[in-house]
1. Please pull out the direction-averaged projected area of segment 77-158, using the convex hull of its alpha-carbon atoms, in nm² to one decimal place.
2. Positive end of the dipole of segment 9-104, charges at C-beta (+1 Lys, Arg; -1 Asp, Glu), about the Cα centre: which of T58, A35, A68 has its Cα farthest in that direction?
3. Could you grab the relative contact order for the chain? Cα pairs under 8 Å, six or more apart, rounded to a whole percent.
4. Give the value in nm², to one decimal: projected area of the alpha carbon convex hull of the chain, averaged over all directions.
5. Nearest 0.05, what FRET efficiency do W249 and A195 give at R0 = 22 Å with Cβ-Cβ as r?
6. Can I get the semi-axes of segment 112-225's equivalent ellipsoid? Compute them from the C-alpha gyration tensor as square roots of 5 times the eigenvalues, in angstrom, largest first.
7. Going 7 Å from the Cα of E180 along its beta-carbon direction, which residues of segment 98-115 have the amide nitrogen within less than 18 Å of the resulting point?
8. For the chain, set up a GNM with springs between Cα atoms under 10 Å and report which of T213, T58, T23 has the largest fluctuation.
Amino acid sequence: MSEQAFPTVGFVAAGLERLGFETAFIPAARSPGDAANWESHIDGSVAAVVAMHVHSNTGVVSPLAEIAALARHHGAISVVDAAQSAGILPITPREWGVDAVIGSSVKWLCGGPGAAWLWLRRELAGVIEPLDLGWFGHEDPYAFDIRHFRHAADARRFQGGSPSIAPFALARAGIETILEIGQEEILRSNRACIAAFAEAVGRPVDMTDRGGTLCLAFDDPAAIASALSAQGFHFDMRGKCLRASFHAWNSPEEAALLGRTIADTRLAFRPAA
């Protein structure tokens, strides 16, 4: 995986070292948006390749079809983390040729925490046996036979214990809202806001092969944070990176205000990469 992957993914991979696996990182300085950087790291020793669809601190989109083909060529499983893209970019695992896609219901799906989801290639669903078992992953959860566990034949085998209903209810409301608006409309609105931002800040913004989050790296993050706070903005800084995720309910006028505020500071910034 890339060092630019979300840290949780690396933490999970580190936990697999007890099973004899080792995590290999593509250095953060080598863009995960370049298929050549993946090709130089994937060989016959790799068991699984984990790629972010969109990277949280740069917005860079991974070349998933190329990554999946490389993994398949070397006999590795390919896994995509779509937490930063589901709801604004198309999720097409069959077209990508990947084996699994994981995600959450936060971010663009507006569903809150606690309702993660998994897509698995159908041909693998009955073959892979989860390491973590729970009674809802049992073929017959109500058998209550403590001596005999049988994996469910379908996707239910990946469930754990009693489901937490509240996060699912919240996620359902968020997803229904996103479906009603439409992913294409959300992306159109997002790009309109980014265009308004670019005009107001006086600099072009290239969103080619980027997700919905505008990621800007500032040389003086404390100064930009102070300036934005003074204007009443609520914002998120990741180190030197300011992230602006314009959703369907944001307006070009709001985006332009952000652009003018940044322009007025005269602080140096660049697109995160």
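1. Mean projected area for segment 77-158: 6.3 nm², to one decimal.
2. T58
3. RCO, the chain: 16 percent.
4. 16.4 nm²
5. Efficiency computed from Cβ-Cβ geometry: 0.80.
6. Computed over segment 112-225, the values are 44, 16, 15 Å.
7. Flagged as within label range: 108-112.
8. The residue with the greatest mean-square fluctuation here is T23.
Any read-out appearing in this document is the output of simple, stated calculations on the displayed coordinates, not a laboratory observation. Predicted model only: the values in this text are computed from it and were never measured. So basically every Cβ, Gly included, is an ideal-geometry build from the backbone, and we count neighbours across all protein chains shown.
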